[in-house]
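Taking it in order: structure first as structure tokens, then the write-up.
Throughout, read-outs are computed from the coordinates displayed, never taken from laboratory work. This structure is a prediction, so every number in the text was calculated from the model and none was measured. Cβ sites come from the backbone with ideal geometry, for glycine too, and all protein chains shown count toward neighbours.
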Amino acid sequence: MMFLRKFSVSSKLTSYFFGIALLTVLVYTELLVQFFENGIESSAELRLLTETHSFSNAYQKDKTAPLPSSYMMKFYFDELPKLIIEQSDILKDVNIDVGDFLFIMGDEVVPKLLKDEFVLVLHHAKLYDGRSLYAIAKYDFNLLAEHETERWDEDFLFILYIGVGYLVLILIALWFYSYRVGKKSAALVDWAEQISTEKLDSERPDFRFDEYNRVATCLEQSLKRNAALMKREKKFLSHASHELRTPIAIIRANMEILERMDIPESALGSLSRVERANTNMQLITETLLWLGRKNDTAPAEYQVNLPHLLKQLIDDHTYLIQGESVEVIHDYDTAPDEILPATPLMIVLNNLIRNAFQYTHKGWIKVTYQSGTIIVENYDMDLVNDREVVSFGLGLELTQKVCSRLNWNLDINYSDGGVKAVLQLPVS
């Protein structure tokens, strides 16, 4: 689909590590804020605890020792006092266990608190004689000047700066990583796109990363193996075609002798089949020789009458469907004369038509021409299990090699009951 976009390795890894870094910054910042707030609470608790223990020691020595009191901290025996704020006793229903601390925020207990911003810290302790001692510290922020509260804001901003600074460092590191990996990845892709069997002797560049160098080595070795296979294949084609030329010439010479002789009429059919087979073998040999050549010289081009050529090939293969229930449909009368490589074209069309005729026993065969395209299609009601059997001609695989060598577009589609071959003729 057009909307699906493929990402490079460096982009994918950069996004992945940036996501981890961002998550780390958020978690770490939240932990720092919690640590800062817990530190303030621990400081308030430690002060209450120290004052409570100091009075407890003094009370154990002298029960008449007065309760300590200051502008911020007060102590009470046995029960919590009444603390009226905004006409409401905010300590009325408060219960606190021995040894516990309780924080009361002013905006939580007094609705719509606008002026009084405070925090109460309560602590419940037991004296040696069993009496309860309540310590209450009130932190009234209205007593502080604006420049005195800025310190806390600065501390929070410092935490934020740490997180942002860490994130910026991660971004710089990821950019540097992405730049280096992306640069080497692009170099590997460019080298892989340009490398060919003709350039295997050139020195392979160093891609710095071991994995990239191993990929390049594997690609290079694969191309070398393919080059060796192609060399052996060309050598085999050359030898095979040369070996075939002699028996073909002998058969052709003897056919000419037989044509001059009076032979029984019953043997004319067999003689005709031998002649057709010899013609096919000659075309195959010429094509094999051409495929085995090391140069890229194009085959000779001639004026080709496509309707006449297609009709001739169909007539030559009609004997394959004698006695079969096969309908031959053709629509190529409007095909124009073209300047084309005659011999390879004859080989390709001969093989496609031969396959259609040879593997259709009950059905139809259709040969059509449409806008520079020749379509050979067959349908067999008696489904043949193996549709890729190589026929007496080149076979579909070798036909595709011929088209590939000539840069012809040949599309072969297998379906239930038949094969459809679409050959796009080259444009002169």
### Task
Can you tell me which of 359-365, 334-340 comes out highest on packing, and rank the rest after it, using the mean Cβ neighbours within 10 Å?
359-365, 334-340
### Message
On a 27 Å Cα-Cα criterion, which of the cross-link pairs 184/224; 235/401; 12/224; 311/401; 92/126; 224/420 come out too long?
### Response
12/224; 224/420
### Task
On each of the three principal axes of the Cα atoms of region 298-424, give max minus min coordinate, whole Å, ordered largest first.
40, 28, 24
### Query
What is the gain in length, in nm to one decimal, between residue 261 and residue 36 on full extension, counting 0.36 nm per residue of separation less the C-alpha to C-alpha distance?
69.4 nm
### Message
Per residue of region 63-77, what does 6.51 cos²θ - 1.76 cosθ + 1.60 with θ = phi - 60° give for ³J(HN,Hα)? Whole Hz please, x for Gly and Pro, Karplus curve as stated.
### Response
5, 8, 4, x, 5, x, 8, 8, 5, 10, 10, 9, 10, 9, 8
### Task
Quick one: what are the phi-derived ³J(HN,Hα) couplings along region 222-228, Karplus 6.51/-1.76/1.60 with θ = phi - 60°, whole Hz, x for glycine and proline?
5, 5, 5, 5, 5, 4, 5
## Note on the structure
Assertion target for 405, 273, ordered by fewest C-beta neighbours within 10 angstrom first, is 273, 405
### Summary
Diffing region 90-96: the Karplus 3J(HN,Hα) column from phi (6.51, -1.76, 1.60, θ = phi - 60°), in whole Hz with x for Gly and Pro, holds 6, 9, 4, 10, 8, 10, 9
